[in-house]
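The values are calculated or read from the model by the stated rules, or taken from the named source; none is laboratory data. Only a predicted model underlies this, so the values are computations on that prediction, with no experimental measurement involved. Cβ sites come from the backbone with ideal geometry, for glycine too, and all protein chains shown count toward neighbours.
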Amino acid sequence: MSRAAPDVSVVIVSFNGREWLKRCLLSLASVHCSTEIIVVDNGSTDGSRELVTSEFPRVKLLANGNNRGFAAACNQGMRVATGRYHLLLNPDVEVPAGSVEALVEFLDSVPSAGAAACRLEYPGGAVWTSARSWPSVWVVLLESLFVASLWPANPISRRYYLSDWDHLDRRPVDWVAGACMLVRREVVREVGLLDEGFFLYCEDVDWCRRMHERGWMVWYLGDVRMVHLGGHSTKGAGANSEAVLRANVEASRSVMRYFEKHGSRTEALVVRAALVVHFAIRSLKWGLLGQLGVVASAEARFRLRWYRAVMRSALGSGALMLCHVKRTDAKQGRS
């Protein structure tokens, strides 16, 4: 006799975050609805796999030989998931009792909702803005040209981050972060899996956009809380680590891909130009600091290598990607 499908398939992508992963898995013991837990390890070297097999034998482990990226690893987990709902969950998120059940109860009661997310708080209680409005070219320009850093209360950034809202109630939103997102199984079948062209970041924005295009609503439940311990695979490595710089590079590439998919040709070109200027300024700064001896020349060269990688993407492969995406959209009848 076959077993009934679980309510929730929890899909966790892990990369060198052993201690956070342990805390996350321990916290999932408080979930009382039926679940299956799937950990997709992206080539960790810190004992994460051994932790799962030795201390959490009921967890299904999918071990990759290298880092396939967040979207590809999530898809790998969702392909073997059997639950009515798929919960994408970062390994640096702790799950209080009742939070997963509240998300399930909401989707059970609101058939027009394709996905739902909860409020994510840092350990000190500050809210991480996991629900936002659609990114615009103006958002990219302000952040790339450092205007948002100098004037964080500007109206464009406030609109993007929904800063005039306390994020404590329930409302439909444009998109929610993939750090914690409960999605209907039928939505995944209808909309498709995450776009694996996004290695890191923006895959959640793209996914929510595709849900909206198919008529599904995305909801944020501000009265349901989880704890976001924050950036385990990069922050723990140090601000100048290769992991941090690669994350910055991949974030920029993802922004370019997002606008190549969902923006006009002009918007995509403006975004790539803005990122070139941004990293050219950073390259100039760190090149001068290295020449003047303010920072070690090895550190300056290290940063310059990654900054130039972004500029090469924007000036070279980015242009080729733009043509490819637009040709694909044309074949599919998209404008």
Collect the residues in segment 82-99 that are part of a loop (DSSP other than H, G, I, E, B) and crowded, with 21+ Cβ neighbours inside 10 Å, keeping them in residue-number order.
83, 90, 91, 92, 95
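May I ask you to verify whether residue 79 is within 21 Å of the chain's Cα centre (by Cα) and at pLDDT 95 or above? Please lay out each step first, then the result.
Numbers: within 21 Å of the chain's Cα centre (by Cα): yes; at pLDDT 95 or above: yes.
Criteria met by residue 79.
For the condition more than 23 Å from residue 123 (Cα to Cα) and modelled with pLDDT of 95 or more, what is the one hit in 144, 163? I'd like the intermediate steps shown before the answer.
Numbers: 163 fails: more than 23 Å from residue 123 (Cα to Cα).
Going through 144, 163 in turn, the sole match is 144.
Out of the residues in segment 168-203 that are in contact with a strand residue (DSSP E or B) (Cβ under 9 Å, 6 or more places away or on another chain), charged (D, E, K, R) and assigned to a loop (DSSP other than H, G, I, E, B), state the one that is surrounded by the most Cβ atoms within 10 Å (Cβ to Cβ). Even if it seems obvious, please write down each step before you answer.
First, the residues of segment 168-203 that are in contact with a strand residue (DSSP E or B) (Cβ under 9 Å, 6 or more places away or on another chain): 168-188, 190-191, 194.
Retained after the next criterion (residues that are charged (D, E, K, R)): 169-171, 174, 184-186, 190.
Retained after the next criterion (residues that are assigned to a loop (DSSP other than H, G, I, E, B)): 169, 174.
On the way: 169: 11, 174: 17.
Across segment 168-203, the extreme among qualifying residues is 174.
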Of (1) assigned to a strand (DSSP E or B); (2) out of contact with any Lys or Arg (no Cβ under 9 Å at 6 or more places or on another chain), residue 58 satisfies every one except (1)
Which ones in segment 263-273 are assigned to a helix (DSSP H, G or I) and surrounded by fewer than 20 Cβ atoms within 10 Å (Cβ to Cβ)?
265, 266, 267, 269, 270, 273
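Take the conditions modelled with pLDDT of 90 or more and not assigned by TED's automatic domain parsing to the domain that holds residue 203 and apply them to residue 304. Does it pass?
Numbers: modelled with pLDDT of 90 or more: yes; not assigned by TED's automatic domain parsing to the domain that holds residue 203: yes.
Yes, satisfied.
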How many of the residues in segment 116-139 are touching a His at 6+ places or on another chain (Cβ under 8 Å) and without any contact (Cβ under 8 Å) to a residue 60 or more places away in the chain?
2
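I'd like to check something: does segment 149-167 contain any residue that is of a type in the set (Gly, Ala, Ser), under 24 Å from residue 218 (Cβ atoms), in a helix (DSSP H, G or I) and not assigned by TED's automatic domain parsing to the domain that holds residue 89?
Our first condition is that a residue be of a type in the set (Gly, Ala, Ser); within segment 149-167, this holds for 149, 153, 157, 163.
Add one more test, that the residue is under 24 Å from residue 218 (Cβ atoms), and what stays is 157, 163.
Then keep just the ones that are in a helix (DSSP H, G or I); that gives 157.
Narrowing further to those that are not assigned by TED's automatic domain parsing to the domain that holds residue 89: 157.
Looking for residues that are of a type in the set (Gly, Ala, Ser), under 24 Å from residue 218 (Cβ atoms), in a helix (DSSP H, G or I) and not assigned by TED's automatic domain parsing to the domain that holds residue 89, one finds at least one in segment 149-167, hence yes.
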